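What follows is a set of notes on a single structure, which appears directly below.
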Amino acid sequence: MLSSNISILSSDDCLNAAKSDLSNYDLSMNISGGTINAYSSEGDGFDSNGTLNISGGTVAVWTANKADNQPLDADGALSISGGTVLAAGASNGMGLSINAEQAYVTFSASGQLISKGDVLSIKSSDGG
């Protein structure tokens, strides 16, 4: 994706880089510009059966809190080297192998949900 303004509301994966026969393919999802707003009620946000690279643009992707559905899911490397990315929802495995060239925040609260009106504070490691 080089440049576009895209809004996706899906009951399955919003974007998917896959092939029914996964042998002998070098799959990759590359986002380098544009604006993507994506929500999935039952699947992954972005699902690559290879690598997932975000190098630019503005991405907001979230998923329902369902087992085994992540906002960003890559079987290969997950790389964020530019742009603005917000990925929220279930996080089974997301970010465990993230390769980011910029600051990022991950949050995991197994069994805990943040509700409307709750406050989430992001602080430095020294509490400030």
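FYI, it's all coordinate maths here, none of it is from the lab. The shown structure was predicted, so the numbers you read here are calculated from the model rather than taken from an experiment. Cβ atoms come from the backbone with ideal geometry, glycine included; neighbour counts cover every protein chain shown.
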Expected output is a single nm value to one decimal: the length gained when fully extending between Ser124 and Glu101, i.e. 0.36 nm times separation in residues minus the C-alpha distance. What is it? 6.4 nm
Please list 3J(HN,Hα) in residue order for the stretch 30-47, calculated via the Karplus relation 6.51 cos²θ - 1.76 cosθ + 1.60 where θ = phi - 60°; whole Hz, with x for glycine and proline. 10, 10, 10, x, x, 10, 10, 10, 9, 9, 10, 8, 9, x, 6, x, 10, 10
Paramagnetic reach from Thr58 (point 7 Å along Cα→Cβ, amide N under 14 Å) across the stretch 1-45: 4-7, 33-38
Amide hydrogen neighbours beyond the local backbone of Ala74, cut-off 5 Å, H modeled: Ser48
Using a 7 Å offset from the Cα along the Cα-to-Cβ direction at both Ile6 and Thr84, what is the distance between the two label points in nm, to one decimal? 1.9 nm
If packing is taken as the mean number of other Cβ atoms within 10 Å per residue, what is the order of 12-20, 114-122, 77-85, highest first? 77-85, 12-20, 114-122
Per principal axis, descending, Cα span of the stretch 5-100 in whole Å: 31, 28, 25
Pseudo-spin-label distance Tyr25 to Ile114, built 7 Å along Cα→Cβ, given in nm, is 3.5 nm
